[in-house]
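Every number here is computed from the coordinates shown, using simple stated rules; none is lab data. This is a predicted model, so every value here is computed, not measured. A quick note on method: Cβ atoms are made from the backbone with ideal geometry, for glycine too, and the neighbour counts reach across all protein chains shown.
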Amino acid sequence: MRNGGGVFARLRKRLNAGMGWLGQDLSELVAGREIDAASLDELETRLLTGDVGVEATEAILEELRRKVARHELSDLDSLIAALGASMREILQTTERPLVIDRLHKPFVILVVGVNGSGKTTTIGKLAHRLKKDGKSVMLAAGDTFRAAAVEQLTTWAERNDVPIIAQQSGADPAAVIFDAMQAARARGVDVLIADTAGRLHNQLHLMEELKKVKRVIQRQDGTAPHEVLLVLDAGTGQNALAQATQFHEALGVTGLVLTKLDGTAKGGIVFAIAKRLRLPIRFIGIGEQIEDFGPFETDAFVDALLTPRAGKPGATAPR
C-alpha cells in the first residue's frame with residue numbers, strides 16, 4: 001500500500017513548517033529575475049548545506065545547467081519539474097521495499113546502528129507493521145550492554161503482543177540471538193527481528209563483535225540473516241553516510257531505515273547515500289508514533305521536499 005497520503009503528508013507538513021533548506025518556497029530562489037547560472041549556484045549552496053553531498057549535488061545540477069544553457073528553464077514551474085526529475089533519477093534504485101521470503105522461516109532481520117539512531121523504536125514499529133500484515137513475529141534482545149535496552153524492547157514486545165527472547169545484562173549477544181533463532185524455529189515464527197548494541201561505526205572491536213553475531217546466525221541457517229537493516233539518524237548529516245559505508249563494508253547491509261527525517265538535516269542525506277552506495281531504503285521514520293513510519297517512496301519523498309509552504313506563492317512539485 002502506498003503511503004503518499006500518510007507518513008509523507010506528515011513529512012511534508014513538518015519539513016515546510018519552518019525555514020528548511022528546500023521547505024522554503026523555491027520562488028525565493030528566483031524572485032524577480034530570470035533563472036540563470038547564478039540561480040543554480042544558489043541552489044547548489046542550498047543543496048550542499050542540506051547534506052545532499054557533493055556527488056549527488058553535481059548529479060542533480062548537471063541536467064539543470066544544460067537546460068539553463070538552452071534557455072529551457074523559463075519559470076519556477078519548469079525549475080521545480082526539472083529539479084524533481086533529477087532528484088528522482090538519483091533515488092530510482094533505492095525504492096525497494098522489504099519482502100519477507102516465506103521460504104525462510106524464520107526470516108531473520110538483524111538490526112544494526114549507532115546509539116541514538118532509533119533502533120529500538122524502529123524494531124517496535126516494524127514488528128507492529130509485520131504483525132498487521134498477518135505475520136508472526138519474535139524479538140531478540142541482542143543489546144545486552146545498555147541497561148535499559150532490554151526493558152525498552154520488552155515494552156515494545158508487550159505493546160505489539162509478540163514474544164521476546166532476552167537474557168541478563170552483559171550476556172553474550174550472539175548467544176541470545178542463537179537461542180532466539182532456535183525458539184523461533186521451534187514455534188514456527190515467520191519473522192525474527194534481532195536487536196544489537198548500538199556502536200560507533202569506527203569502534204573496530206565492536207564491529208568485530210557484530211561480525212561474530214552474523215557468523216553465529218549462519219551456523220543455524222547459512223542463508224541468514226536474510227536482511228541486515230541499518231538504522232540511520234538523518235539528522236546526523238554526512239556522518240550518516242560514513243556510518244552506512246562502514247557498516248556496509250563490515251556486514252553487507254541489505255537495507256536502510258532513515259529516522260528523524262523531520263529533523264535539522266531535512267533528509268538531504270538520502271541523496272548522498274543513494275548516490276554513493278545505492279542501498280535500498282526500506283523505511284523512513286519522522287517521529288515516535290507508530291504512524292510516523294512507513295516504506296520509502298521516491299515520488300512522495302521528492303514531492304514532500306519541493307512542495308512550497310502552505311499560504312506561500314509558488315507551484316506544487318509536479319510529477
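Assorted remarks:
- Restraint check, LYS135/LYS214; LYS125/LYS211; LYS105/LYS275; LYS132/LYS275, Cα-Cα greater than 29 Å: LYS105/LYS275; LYS132/LYS275
- Percentage relative contact order, segment 107-296, counting C-alpha pairs under 8 Å, at least six apart: 24
- Each 20 Å bin from 0 upward holds the following percent of the Cα-Cα pairs of the chain: 33, 50, 16, 1.
- Charges were assigned to the Cβ only: +1 to each Lys and Arg, -1 to each Asp and Glu. The resulting dipole of segment 79-233 about its Cα centre is roughly 260 debye.
- Packing rank of 72-82, 45-55, 223-233, where each peptide gets the mean count of other beta carbons within 10 Å, highest leading: 223-233, 45-55, 72-82
- LYS132-GLN218 pseudo-label distance in nm [points 7 Å out on the Cα-to-Cβ vector]: 3.5
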